[in-house]
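I have placed the structure first, in the form of C-alpha cells, so that the comments after it can refer back to it.
The values are calculated or read from the model by the stated rules, or taken from the named source; none is laboratory data. Every value quoted in this text rests on a predicted model; they were computed, and no experiment measured them. Don't worry about glycine lacking a Cβ; one is built from the backbone with ideal geometry, like all the others, and counts go over all protein chains shown. Areas reflect the complete protein model, heavy atoms only, side chains present, ligands, DNA and RNA absent. Shrake-Rupley method; radii C 1.70, N 1.55, O 1.52, S 1.80 Å.
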Amino acid sequence: NSLVQEVINDYDFMIKKSNISIEIQNLPIIYTDKILIKNVFENLISNSIKFVQNKQNPKINIIFEQNKLKIIDNGIPLKDQDLNMIFEPFYKVKNNENNGNGLGLYIVKLICKKLNIKIEINNNDFDGVTASLDLSKCLI
C-alpha cells in the first residue's frame with residue numbers, strides 16, 4: 001500500500017491539475033523486489049493518469065481482489081489490435097497524443113515475468129482500461 005501511495009504522491013501535481021479521483025482499496029502486503037514492483041506501479045499508474053486526464057470525471061481505482069491488484073480507469077478503451085500488441089517493444093497506441101517511446105509496457109512485462117507476476121490489460125465497462133497483476137505468488 002505504501003509503494004502505491006508513494007507513486008500517487010509522485011504524480012500529485014498531475015492528479016490535482018486534472019482533478020482525478022483516485023480510490024485505493026484493500027491492498028495487501030506483497031513479498032517481492034521493492035524497486036522492480038515500484039517501477040511496475042509507476043508505469044501502470046502514470047499510463048492511467050495520462051489517459052484519464054482529459055476526461056470529464058476522471059477516475060482511477062486501485063483494488064485488490066481474488067489475488068489480483070487491479071488498476072481500473074475510465075480513460076480511453078483500446079482497440080483489439082492495440083490490446084494484442086501492447087506489450088511489444090516500441091509499440092505505441094495509434095491516435096495517442098501522449099508522447100512515449102513504446103517501451104514502458106514492454107519493460108513492465110519483463111519485470112513481471114522476472115517477479116513471477118502475470119499481467120493482463122483489458123478494456124473495462126467504464127470506457128477505460130484495467131491493468132491486472134496476479135500477485136498470488138507474492139503473497140504469504
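Computed from backbone phi, the HN-Hα couplings of the stretch 46-58 come to 5, 4, 4, 4, 4, 8, 9, 4, 9, 8, 6, 6, x Hz, rounded to whole numbers (Karplus: 6.51 cos²θ - 1.76 cosθ + 1.60, θ = phi - 60°; Gly and Pro given as x). Since only ASN39, LEU133, ASN74 are under comparison, the one whose Cα sits farthest along the positive direction of the charge dipole of the stretch 1-133, derived from C-beta charges on Lys, Arg, Asp and Glu, is ASN39. All C-alpha pair distances within the stretch 1-138, sorted into 5 Å bins from zero, spread as 2, 10, 21, 25, 22, 15, 5, 0 percent across the bins.
Among LYS59/LYS79; LYS17/LYS118; LYS17/LYS70; LYS16/LYS92, which pairs are too far apart, with a Cα-Cα distance over 30 Å? From LYS59/LYS79; LYS17/LYS118; LYS17/LYS70; LYS16/LYS92, over 30 Å: LYS17/LYS118.
How much accessible area per residue does the chain have, counting only protein heavy atoms and a probe of 1.4 Å, in square angstrom? Don't jump to the answer; show the numbers that get you there.
Working: 8440 Å² over 140 residues.
I get 60 Å² per residue for this part.
Placing +1 on the Cβ of every Lys and Arg and -1 on the Cβ of every Asp and Glu, with no other charges, gives the chain a dipole of roughly 240 debye about its Cα centre. Dipole magnitude for the stretch 6-56: about 200 debye, using +1 per Lys or Arg Cβ and -1 per Asp or Glu Cβ, origin at the Cα centre. Carbon-plus-sulfur accessible fraction, the stretch 1-132 (probe radius 1.4 Å, protein heavy atoms only): 47%.
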